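Engineer: Below: one structure in structure tokens.
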Ligand SMILES: [Cu+2]
């Protein structure tokens, strides 16, 4: 066997450009040929193996970049798993590492799409599960219609888990194939499915039968009986087009520039975020992405206590991204990026319109009316939005990176979709969450996201400082009692830099470059603005806490190491815990004036309400990076005022429209 695909010469121009379809195919072909892979091999991803940072920084336009592909693959009949790196120029597999999925602390590759689809058939073949359905009053036709949801199984140190590739399956009654199953959870039945043996290896079928809530709660447009009639069109028109420029995978807009990237696990990745300040291109972030999530549930009953999905590491935010050609919530002048990916079999395919790029009006950026001399100046703000949406089972998550004209960078995550549900017996209360409808509860849970920000503020050596507001005691230096101080301390080592927010003292962090002074003599920097929301509330010793330890602190800082890429470690699926950030910071490396990575955990604690059903209105969470002594003045003073037009009835020379 020889590799069949050839590289197209066309488009690759930069070392960080995602793989093309031809490159995905070539990488899979080289692997199949050199490793004699058979038809049982499944790929969880084939994507760009990013070159070493120094090679990227040293690369100059015109030079041929090294192109390598990274792949994780497993044998779906034996479970044997390998991590591979393929050199596309020499057609060689340069790394072939076996990952031991059967040895503690375990850790499986993510669940594949093929597996998601086969679980229903496996469960429906199981006589124990069919019995459980019959006991709950379902006939054969109804059993056929049952929706079986595979859910990552987690880790609970049970004998049945050891060495197995597993998912847990929960079931939902449906009136017909279009019915919203989440309105009809079947309580007290959980099937643990071995994905290699294709069978149920453990079934929970609780003695107590909770009646299935049967009221339909559908959200498709045909099911909404009356639509409101007072919504007039709101059209966004950009007659002269957008103000951004796209060159391959590079985006430029309003002095900002960055490169767009993509991985199966993280989805959208932003590389080399920089700001052109006068003639100087000033770097801010080398690489930014969300490397994992965890959604731990707080209900101790059979259907729920084990739910703690790592949506990135156990499934893949990129793998499950929406093709926005189906529809996109962005309006205005839009540029879409298509992304070449591998399917479960290593076959290349293109995710059409996976990433959306557009501009949005954002109200007032700055304004002043000087009444003494009638000087009136106002500038509207706009932001550049680069985003994607991922649907992981019942939930839908939108990841929106915003760039503002004053140098601010923001990540907003939009949480929507359908909540997990629980059936509640008539007359009983639901102590583990909120009731959302008659007989239907929503278990309380938390959503955590971890953003990995490889910082590069004005260069490769940065320091993170922590600040708090402290009232100053009365005294000679505070004779009127009005003084308060802003404390400042440097996070010098990794173990000292795992930090929690503190709303009462307004604790915040800055990433500064001690080697570069700003216009007032201080180090240039960016401030991390976060919400003082709860960290993970599960108990110490609880497996979801040790597996998702990145969610026990808001802020972590590590010394950059190329192989420390994920907040939860490389293989969080069924991992026993302890990987990722706790492991990285155990080295306690020096982080002052070093090449550092800032990791930020943020999220929402969700007590379900009736308004969250049948589809939850968007809940927002995220963080902001704001220039703080990075610029010598407001960097948006040079924005032109909006053009006056006939519809603007305002004082001369200024316009408020
Ligand atoms: Cu939620």
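Engineer: Kindly indicate whether residue 475 is under 28 Å from the mean Cα position of the chain (by Cα), surrounded by fewer than 16 Cβ atoms within 10 Å (Cβ to Cβ), away from the ligand (no atom under 16 Å from the Cβ) and at pLDDT 95 or above.
Structural biologist: No; evaluated as a whole, the condition is false for this residue.
Engineer: Need a quick list: strands (runs of 3 or more DSSP E) entirely within the stretch 209-310 having at least 1 residues that are surrounded by 12 or more Cβ atoms within 10 Å (Cβ to Cβ) and without any contact (Cβ under 8 Å) to a residue 12 or more places away in the chain.
Structural biologist: By residue number, 250-253.
Engineer: Step by step: first the residues of the stretch 331-348, then only those that are in a strand (DSSP E or B), in contact (Cβ under 8 Å) with a residue 60 or more places away in the chain and within 22 Å of the chain's Cα centre (by Cα), then the one that is farthest from residue 74 (Cα to Cα). Which residue is that? Steps first, please.
Structural biologist: Let us first name the residues in the stretch 331-348 that are in a strand (DSSP E or B), namely 335-342, 348.
Checking the rest, the ones that are also in contact (Cβ under 8 Å) with a residue 60 or more places away in the chain come to 335, 337, 339-342, 348.
After this cut, where a residue has to be within 22 Å of the chain's Cα centre (by Cα) as well, the list is 335, 337, 339-342.
Details: 335: 36, 337: 29, 339: 23, 340: 21, 341: 17, 342: 14 Å.
Checked the stretch 331-348; the qualifying residue farthest from residue 74 (Cα to Cα) is 335.
Engineer: Are there any strands (runs of 3 or more DSSP E) wholly within the stretch 431-540 with 3 or more residues that are farther than 16 Å from residue 601 by Cα, and if so which?
Structural biologist: 433-437, 440-443, 463-471, 484-490, 508-517, 523-529
Engineer: Which residue pairs have Cβ atoms closer than 6 Å, lie 6 or more positions apart in sequence or on different chains, and pair a first residue in the stretch 610-621 that is within 16 Å of residue 414 (Cα to Cα) with a second residue that is assigned to a loop (DSSP other than H, G, I, E, B) and more than 12 Å from the ligand (Cβ to nearest atom)?
Structural biologist: Close Cβ pairs (under 6 Å, with a partner that is assigned to a loop (DSSP other than H, G, I, E, B) and more than 12 Å from the ligand (Cβ to nearest atom)) amount to 615/219.
Engineer: Identify, by number, the condition in (1) in a loop (DSSP other than H, G, I, E, B); (2) surrounded by 12 or more Cβ atoms within 10 Å (Cβ to Cβ) that residue 200 doesn't meet.
Structural biologist: For residue 200, the exception is condition (1).
Engineer: A further question on this structure: Could you run through the stretch 580-613 and say how many residues are in a loop (DSSP other than H, G, I, E, B), surrounded by fewer than 22 Cβ atoms within 10 Å (Cβ to Cβ) and more than 14 Å from the ligand (Cβ to nearest atom)?
Structural biologist: Selection size over the stretch 580-613: 7.
Engineer: Does residue 411 meet the test of being more than 14 Å from the ligand (Cβ to nearest atom), surrounded by 21 or more Cβ atoms within 10 Å (Cβ to Cβ) and at pLDDT 95 or above?
Structural biologist: So residue 411 fits the description; yes.
Engineer: Given the conditions (1) surrounded by fewer than 16 Cβ atoms within 10 Å (Cβ to Cβ); (2) at pLDDT 95 or above; (3) touching a strand residue (DSSP E or B) at 6+ places or on another chain (Cβ under 8 Å); (4) not in a strand (DSSP E or B), which single one is not true for residue 633?
Structural biologist: It fails just one condition, (3).
Engineer: Here's a follow-up. Counting only residues that are more than 16 Å from the ligand (Cβ to nearest atom) and assigned to a loop (DSSP other than H, G, I, E, B), which one in the stretch 614-630 is surrounded by the fewest Cβ atoms within 10 Å (Cβ to Cβ)? Before the answer, list the steps.
Structural biologist: To start, the set of residues in the stretch 614-630 that are more than 16 Å from the ligand (Cβ to nearest atom) comprises 623-630.
Now drop any that are not assigned to a loop (DSSP other than H, G, I, E, B), which leaves 628-630.
Values: 628: 21, 629: 18, 630: 25.
For the stretch 614-630, the residue satisfying everything is 629.
Engineer: Spot the failing condition for residue 581; the list is (1) out of contact with any strand residue (DSSP E or B) (no Cβ under 9 Å at 6 or more places or on another chain); (2) in contact (Cβ under 8 Å) with a residue 24 or more places away in the chain, and only one is missed.
Structural biologist: (1)
Engineer: A further question on this structure: Check the stretch 352-363 and report whether any residue there is over 25 Å from the mean Cα position of the chain (by Cα), surrounded by fewer than 17 Cβ atoms within 10 Å (Cβ to Cβ) and at pLDDT 95 or above.
Structural biologist: Looking for residues that are over 25 Å from the mean Cα position of the chain (by Cα), surrounded by fewer than 17 Cβ atoms within 10 Å (Cβ to Cβ) and at pLDDT 95 or above, one finds at least one in the stretch 352-363, hence yes.
Engineer: May I pose another question? Can you tell me which residue within the stretch 418-429, out of those that are more than 16 Å from the ligand (Cβ to nearest atom) and not in a strand (DSSP E or B), is surrounded by the fewest Cβ atoms within 10 Å (Cβ to Cβ)?
Structural biologist: 427
Engineer: While we're looking at this one, here's another question. Filter the stretch 151-171 for residues that are in a strand (DSSP E or B) and either under 16 Å from residue 121 (Cβ atoms) or out of contact with any helix residue (DSSP H, G or I) (no Cβ under 8 Å at 6 or more places or on another chain) (or both) and give the result. Can you show your working first?
Structural biologist: Filtering the stretch 151-171 down to residues in a strand (DSSP E or B) leaves 151-152, 166-171.
Of everything in the stretch 151-171, those that are in a strand (DSSP E or B) and either under 16 Å from residue 121 (Cβ atoms) or out of contact with any helix residue (DSSP H, G or I) (no Cβ under 8 Å at 6 or more places or on another chain) (or both) turn out to be 151, 166, 167, 168, 169, 170, 171.
The values are calculated or read from the model by the stated rules, or taken from the named source; none is laboratory data. This one's a predicted model, so the numbers in the text were calculated from it and none came from an experiment. Note that we place each Cβ from the backbone using ideal geometry, even for glycine, and neighbour counts take in every protein chain shown.
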